[in-house]
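The values are calculated or read from the model by the stated rules, or taken from the named source; none is laboratory data. Predicted, not measured: the structure shown is a model, and the values here were computed from it. Please note: Cβ atoms are built from the backbone with ideal geometry, for glycine as well, and neighbour counts cover all protein chains shown.
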Amino acid sequence: MATGEQAAGVLGVRSALPRGRAVLGGLLVALSAVGLMMAHGAATRTDRRTWLVATADIAQGEEIEAAALGLAPMELADATARRAYGNGDDVVGRVATSAIHAGDLIQRGHVSRDEPDSGPRRRLTVAMSGARALGGDLRPGDRVDVVAANAEGSSVIARAMVSAVTAPRSGLGAGDELSVTLVVDDEATAGTVLAASARDEVALIGTVGSSS
């Protein structure tokens, strides 16, 4: 007959093994957890490849040059990837519609939608009242027609690009004069605009779809 101490020892080594249903239930729970993890991974999967970034600061209104661009590997969510560029083909020669800093990912909102021009171009700044400059409703990258009056009549320079707009200073005595920097096709066109500006005979006409 076993003593109490021996009985306690026997009870101590006996353990209940999980039954078949418990094992099956545990396996199903584990498989469910794995499935959830895989579904979450698929839903949040990112696209890792090289994307276009700025390698130097690019000012608002500045033409984007190849030397200021580079490629960097990174993971982007689908929504961001749709707005980014994988190369510089659609960017070089266009205008930055906002300031871009070195290291920034180049996105579609940073770049004007207009096709880059070809040939030599000239940048010039003219002063004009807000009434002659579309009420000041201008942004870098916009395209405008420039009406330049002269003794023989007036010339219309089609689709000049707005590079920068400087608003008047606020305060007592401040007028509504704007400084508008334009990019035109050549030196002769720049001279025509500047000559008319000196006579205060320049005005801008907005074109439909000119905004970037």
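Listed values, structure above:
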| quantity | calculated |
| --- | --- |
| Residue list for segment 131-146, filter: in contact with a helix residue (DSSP H, G or I) (Cβ under 8 Å, 6 or more places away or on another chain) and at pLDDT 90 or above | V144, V146 |
| Contacts under 8 angstrom Cβ, first residue in segment 136-165 being among the acidic types (D, E), partner surrounded by fewer than 18 Cβ atoms within 10 Å (Cβ to Cβ) and part of a loop (DSSP other than H, G, I, E, B), 6 or more apart | D142/S211; D145/T207 |
| Qualifying residues in segment 93-120 (those that are buried (at least 17 other Cβ atoms within 10 Å of the Cβ) and of a type in the set (A, V, I, L, M, F, W, C)) - the one modelled with the lowest pLDDT | V95 |
| Filtered residue count, segment 182-203, keeping only those that are in a strand (DSSP E or B), modelled with pLDDT of 90 or more and closer than 23 Å to G93 by Cβ | 1 |
| In segment 191-204, residue surrounded by the fewest Cβ atoms within 10 Å (Cβ to Cβ) [restricted to those that are over 15 Å from G153 (Cα atoms) and more than 30 Å from the chain's Cα centre (by Cα)] | A198 |
